[in-house]
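Notes follow the structure.
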Amino acid sequence: MFFRMIRGTFTKQLGKMLLIAFTIALGASLATAMINVMMDVGNKVNAELKTYGANITVSPKGASILSDLYGVEEGTGDDEFLSEEALPKLKTIFWSYNIVDFTPYLKGRVTLDESDVMLVGTWFDHHMETPSGESLDTGMREMKTWWDIEGEWLTDDDDDECMVGIGAAQKYGIAAGDTITVNKGGSSAEYTVKAVFDTGSDEDDYIYTTLKAAQELFGRQGLISSIEVSALTTPDNELSKRAAQDPQSLSAADWETWYCTAYVSAICYQIEEAIPDCSAKAIRQVADSEGAILEKIQLLMILITALALIGSALGIMNLVAASVMERSQEIGLLKAVGAHDIQVIGLVLTEIMLTAVLGGVLGYIAGMGLAQIIGMTVFSSSIAITPVSMPLVAVLVLCVALIGSIPAIRMLVKMNPTEVLHSN
Amino acid sequence: MKRSSFYFKMVTGALLRKRSRMLVALLAIAVGATIVSGLMTIYYDIPRQLTRELRSYGANMVVTPADGTKLTYEEIETIRALLPAENTVGTAPYRYETVTLNSQPVTAAGTQMNEAAATSPYWNISGEWAADDSSIMLGSKVAQLVNAKVGQNVELEADNGAGEGVKNTYTVSGIVETGGSEENFIFMTDTALDSFMGDTDSFDTLECSISLQGDELSGLAERINSSSDRVNARLVKRVTESEGTVLTKLQALILIVTIVIIVLTMISVATTMTAVVTERRREIGLKKAIGASNREITTEFLGQGIFLGVCGGILGVVLGFLFAQYVSNSVFFRSVSFIWGLVPVTILSSVAVTAVACLIPMRSATNIDPALVLKGE
């Protein structure tokens, strides 16, 4: 009898039940999409913020600060360098997966037209195999997205070519296509200018060439003077700030947590472990700002998600309440022929729950699709599905449908069948 | 007169008599309108808020003097006057001089500390900012080099403008850590460096952090350049270009999320309204039986829909603004401005949605045979 009545509702009032299921599906899809997007937005925005470039620099431990000052550098023979062979080790640290890009530099002053100019050797789009068997393309091109290049980027095979900053180009009257000769001590090299670049910073006065060409010119085979690393990091908190001061001051448990979280200080520490005699430091301008922006965006998305959830919950609740109340006549009749309150409630609830399950499942599937559409449109990459979103949405939909039925059920229990059947 | 007042009575009467039904419909519309107005306010406010947030990346414009010259205090003030006050986060002038510390040559930078703190919020200072002319801050590499601690006194030596050797003792108030070249510098107030060097009006750069982007910012740089041929304003590409990229992405994110939420909510408002109207078939039947035309019934229902749409819309405008205000306060610690243009948009969209939602079931409802409905399905 019970099932026949339920079947009756779904066949005779199919249109109405479908409308309710559709509304529940809309709410559920909104909830699913927003929860998934919200959970993944941190990673996505973090990846976008990589456009600001490196957030860690690695330099030799005892590097003198003098080299940055008015050209007093090397020559004394006690300058410190890192070994180029150590580079793949960056991809062996605990958080190697979070290291997105890195670029080695070998800097030195050379003579061009009888005046000093900074020459930098680096990787542009270097292909390498890491010890873990991963293949990786990394270099300046990925890390300096804001550079304005007139001409073409160098590639790693262009050992006879160079790129000149706009400041240096103006000073020496160099244009793309020219050939320049630079001198370093006894050796000299000739490069064809492939491009002139504009960065709006100090690099505008530099000349860039390949790492190999620079090593040859400086006679520093296999050596580099610094590395810039771009890593995905977790925003700093109290623990990581304490750790950055002195990792040894942490308790064993704190140390473990810190080491196994992608804080910029933890990644620096791990780089120092992996590469001998180096000092890895966070570039505060990038690292700190990243954390601040990330937190804001996440909080913003949480609040918008909350609004969407409350909105869809109220919508569903509202419709459920309305549709149950409208059935007072039918229920009055049931009560008049002797149905107990419990039976009536059971009937109404079963119908609502069946509708909610149907709507919820459809909505969940639609919501996953919606999340991917958002991911593809905005970030051109898919949104990772959060496993917890399924139970969360299920509980939400069922609770909302249940709560939506409560006022209606109370009214149904209280009502007097004769009154209802008589009036209206 | 009589006819229109009867119409009004019918429109409001139906709503007032069935209070629960009215509440359901009003709630649905108000939720929809709140979401529309709240999210639209946030969307319109987001570029302004994020541009300001992204200022944590530091200066986005640098003004330098023409080759071989220095900027004077007067010129700094002239440039500052050109900047829009409400968008200026900070403008820090820097004077660089070579000094000797423990017989090591180091660059000393003289600046206005409160402005430097505003333009470079990412500087990590152990200790305190140099507050007066007798204290200095050391870059962390300099501190390491001379093994200096906070609170210690250090002696600086230099050749002043007149070529005479000068000496002075300063207290280290803080150590600056940035991960960049600033760690190789000594920082002191501009007045301290001026009195140490014995001359004034010789700034090398002015770093500006301005919460504008794109064309507005480059336009500002051009205005500064054309104001005087003694100065050259450049944009810091790393910051400005990246900011454009990031801002576009974040704005696109908020836009698409807003669209998805608004569309879905509006559809669910429409279905709720449809359900509410469908339930009134008996009433329609009765009205037809006593001689109402289809047109009259439709007008009446539409009138009720529009009435509810306006009420819900107004409610939504208020609640939506409160929501946007709450979000802005808790995320950005700033308040949003009320956008008057959104009031008609919110009310019109809720009226449109309710009107459409009323008309859909009306087609089938007006075609019913009154006798059949009144008898009971």
Hey, can you tell me all the residues within segment B:153-163 that are open to solvent by 70 Å² or more (accessible area, probe 1.4 Å) and either without any contact (Cβ under 8 Å) to a residue 12 or more places away in the chain or within 48 Å of the chain's Cα centre (by Cα) (or both)? B:Asn153, B:Glu155, B:Glu157, B:Asp159
Yes or no: B:Val62 open to solvent by 10 Å² or more (accessible area, probe 1.4 Å), in contact with a Leu (Cβ under 8 Å, 6 or more places away or on another chain), facing chain A (nearest Cβ under 10 Å) and part of a helix (DSSP H, G or I)? no
Considering only segment A:363-387, how many residues are free of Cβ contacts under 8 Å to residues at least 60 places away in the same chain and assigned to a loop (DSSP other than H, G, I, E, B)? 3
Counting just the residues of segment A:228-249 that are in a loop (DSSP other than H, G, I, E, B) and modelled with pLDDT under 85, which one comes out surrounded by the fewest Cβ atoms within 10 Å (Cβ to Cβ)? A:Asp246
Note: among A:Gly291, A:Gly222, A:Gly200, just one is under 30 Å from A:Asp40 (Cβ atoms), modelled with pLDDT under 90 and of a type in the set (Gly, Ala, Ser), namely A:Gly291
Among (1) within 14 Å of chain A (Cβ to nearest Cβ); (2) closer than 27 Å to A:Phe22 by Cβ; (3) over 29 Å from the mean Cα position of the chain (by Cα), the one test that B:Thr265 misses: (3)
Restrict the check to segment B:140-155 and report whether at least one residue is touching a helix residue (DSSP H, G or I) at 6+ places or on another chain (Cβ under 6 Å) and modelled with pLDDT of 90 or more. no
Boolean, A:Met128 is more than 29 Å from B:Lys237 (Cα to Cα), under 34 Å from the mean Cα position of the chain (by Cα) and not in a helix (DSSP H, G or I): yes
Scanning segment B:293-313 for residues that are away from every other protein chain (no Cβ under 14 Å) and either touching a Leu at 6+ places or on another chain (Cβ under 9 Å) or under 26 Å from A:Gly27 (Cα atoms) (or both) gives B:Thr298, B:Phe301, B:Leu302, B:Gln304, B:Gly305, B:Ile306, B:Phe307, B:Gly309, B:Val310, B:Cys311, B:Gly313
In segment B:214-248, residues that are surrounded by fewer than 19 Cβ atoms within 10 Å (Cβ to Cβ) and either more than 13 Å from every other protein chain (Cβ to nearest Cβ) or without any contact (Cβ under 8 Å) to a residue 40 or more places away in the chain (or both) total 16
Within segment A:295-343, how many residues turn out to be farther than 20 Å from A:Thr9 by Cβ, open to solvent by less than 10 Å² (accessible area, probe 1.4 Å) and more than 7 Å from every other protein chain (Cβ to nearest Cβ)? 2
Across segment B:263-280, what is the number of residues that are under 20 Å from A:Leu303 (Cβ atoms) and surrounded by fewer than 21 Cβ atoms within 10 Å (Cβ to Cβ)? 1
Right, B:Ala92: aliphatic (A, V, I, L, M) and surrounded by fewer than 14 Cβ atoms within 10 Å (Cβ to Cβ) or not? no
Test each condition in (1) out of contact with any Lys or Arg (no Cβ under 9 Å at 6 or more places or on another chain); (2) within 14 Å of another protein chain (Cβ to nearest Cβ); (3) not in a strand (DSSP E or B) for B:Glu183 and report the one that comes out false. (1)
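The values are calculated or read from the model by the stated rules, or taken from the named source; none is laboratory data. Bear in mind the structure is a predicted one, so any value in this text is a computation, not a measurement. No Cβ is skipped: glycine too gets one built from the backbone with ideal geometry, and neighbour counts run over all protein chains shown. To get the accessible areas, we keep the full protein, side chains included, count just its heavy atoms, and leave off ligands, DNA and RNA. Shrake-Rupley method; radii C 1.70, N 1.55, O 1.52, S 1.80 Å.
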